[in-house]
Structure formats: C-alpha cells, structure tokens
1. Label-point separation (nm) for residue 257 and residue 84, each offset 7 Å from Cα along Cα-to-Cβ?
2. How tilted is helix 3-14 with respect to the longest principal axis of the chain? Cα atoms for both, answer in degrees (0 to 90, nearest 10).
3. Which three lengths, in whole Å and largest first, does the stretch 198-258 cover when its Cα atoms are put on their principal axes?
4. Taking the Cα-to-Cβ direction at residue 212 and at residue 72 and moving 7 Å from each Cα, how far apart do the two end points lie in nm?
5. Only loop residues by DSSP count here, and only those with at most 15 other Cβ atoms within 10 Å; note down the GluC sites (Glu not before Pro) in the stretch 194-297 that meet that.
6. Helix 61-88 sits at what angle to the longest principal axis of the chain, using alpha carbons and giving 0 to 90 degrees rounded to 10?
7. Got a sec? Which residues in the stretch 237-255 would a label at residue 191 touch, if it sits 7 Å along Cα→Cβ and we count backbone N under 16 Å?
8. When the C-alpha atoms of the stretch 1-145 are aligned to their principal axes, what extent does each axis show, in angstrom, from largest down?
Amino acid sequence: MKLHQLRYIWEVAKQGLNVSQAAAHLYSSQPGISKQIRLLEEELGLQIFTRRGKHLVEITPAGLEILETSGEILQQIEKIQSLAQEHSDAHRGNLSLATTHTQYRYVLPPIIRCFIDKYPDVALHMHQGTPTQISAAAVNAEADFAIATEALELYTDLHMLPCYRWNRSILVPKGHPLIEESEISLYKIASYPIITYTFGFTGRSKLDEAFDAQGLKPRVVLTAADADVIKTYVRLGLGIGIVASMAFDAEIDKDLVVLDASGLFEPSTTKIGFRRNSYFRGYMYDFIEMFAPHLNRDLVRRSLEAKSMAEVDELVGDIELPVL
C-alpha cells in the first residue's frame, strides 16, 4: 500500500467518482490512477468501488470505511508537513480562505491588510462561493477556513467558532415613502417589492422566518448573492433593499437612504469553520484573532482538540460577541 494510492482513491471519491477530474486535479493521468486503484484493491483483497464496465458507479461499504481512514491518514500527513514548515520558517507559507461576497467586500479588507503587513511572505488564496460551497471547501481541505453565516452546520466534520453578530438595514432611494414613516414594521415593508439575498446567503433564513412568524408573504422581486447587485437595482427603483448592515458604505452609497431594521429581525451570527484536528501554524491562529479578537490561541487550540461541536459550544458559550 502506497500513500499516493490513498490520495488517488480520496480524490476520486471527492470528484464524484469521476476519474478524469481526479487526474486533472492531481496532475496525473486517468489510466495511471485507474491502474493504481486496481493494484490497491488487489492488495487489499476487496473492491473499494463498484464498476459498470470501465466506469466507477458506487463506493462499496468496505470502501467507505477505507476512505474514512484514508482521509485521516492524509490529514495527519498534512499536519507533519505543516509542522515541518512551522519549524523551518514560521513566517512563510499559505493561507486559504473561503467565504461570501459580503465578507470579502465589507468585513475582511482591513483584516487582510493587517495580516499582510505582519506576514508579507504568507500567500493568501481567496475562494468565493455559496455558503454550501464554502463549507465543502473547508471539509475537502481546499480551504483552511470557511467564513459564513449559513450552511456551516450542515457539515459535521467542521468545527465552528462564532465571530460576530449582525443585523439588517433597509436601503431605499432618496424620497422613498418609507423614509417618512415614524416606525417601520414588517407589515409596511411587505407592502413594497423587495430586493434581497438569494436563499442560503448572508442570513436570508432569519429574514424569511420573521415574515413567516407574522403570516406575511413579502413580494421578493429580485434576489442576488452580492449586496452591490442588490443596491444597483434599488437605485433603479425596482424595490427596497434588505441587506446586512455592514454592507452599507456611507461614502459610496450616499445616494441611498439607510433605515435600521435590527428591531424587526433576529440577529445572525457569522462563524469561522475548520476541520477538526487540523494543525494550525502560528499565523493561522493570528488570522483568527485578527478577525475575531475574542478567539485567542488557547481557545482555538482547545476547540481543535474537541471531539464534538457540543464540546466546542461549551467552550464559547459565555463569550460576548461583538456586533457589526
């Protein structure tokens, strides 16, 4: 049994049993990977994958157990490599982040600036996607950290730490009737066409829950994953915008009027997720603390060692989160 064979079966499974895609990702050849998988199965005396002709169609029950152990072995190999890098050069390496547009555009820039100033020789790799894609990237070791508000809890392999709480604001063009209202209610908001986030993005679930609780059916005329897109269509007069409050820039958005809607919706919590038992280099701890100062190195280290999210929740249960 060879380490590269474990990498092959792991990558094939991750690529949905598509050997061609796995070969491209590993800079190898399809015949070479297929041959090595066959050799591994012959050595083990069992099938990891079932086949239909030349195509892999399913992972066998034994294969599932082998893949789980292979993943653990590959993660330990990563730890050894990271440990060696930490001792050879603590200020040089890579850091991969996966998050949404709102985080990249409105929250992370000053953090990234500080991080680069302190660690100029650490290469940052930024991945933007849906919350589900972001979480999957962390689970599959394509990203060190996933930062999101939705979907992280779908992956039991991730440990999540709370970073900050936030709520929503309503954006309208100047002269809009809502500006003259002495008190804004969900009922009044529901009487206008609404432009907001696509379901699954940036706390959208809390928005839907608030309307549902009042028996209201808001007329959502347009959705987008990007707050800047939402603002564009608000400027066109197509509806009122409901966005994360931190997505309003007083200078750039001075042609719009912002109305506080925090009393109408339950606050959302943005979290940072990472794989359990990962090995963190020193600069990775520093990044987390720059992003969420209450998440110090000792607390993060204990969360990495926790055996379940219940243990993690106990560690952070009494923390007073900042509000953006």
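Please treat every number below as a calculation from the coordinates, not as lab data. As the structure is a computational prediction, the values presented were derived from the model and not from experiment. FYI the Cβ positions are ideal-geometry reconstructions off the backbone, even for glycines, and counts take in every protein chain you see.
1. Computed distance between label sites residue 257 and residue 84 equals 6.3 nm.
2. Tilt of helix 3-14: around 40 degrees.
3. Dimensions of the stretch 198-258 along the principal axes of its Cα atoms: 36, 22, 18 Å.
4. Computed distance between label sites residue 212 and residue 72 equals 3.8 nm.
5. 251
6. With both axes taken from Cα atoms, the answer is about 80 degrees.
7. Under cut-off, by backbone N: 240.
8. Principal-axis extents of the stretch 1-145 (Cα, largest first): 53, 35, 26 Å.
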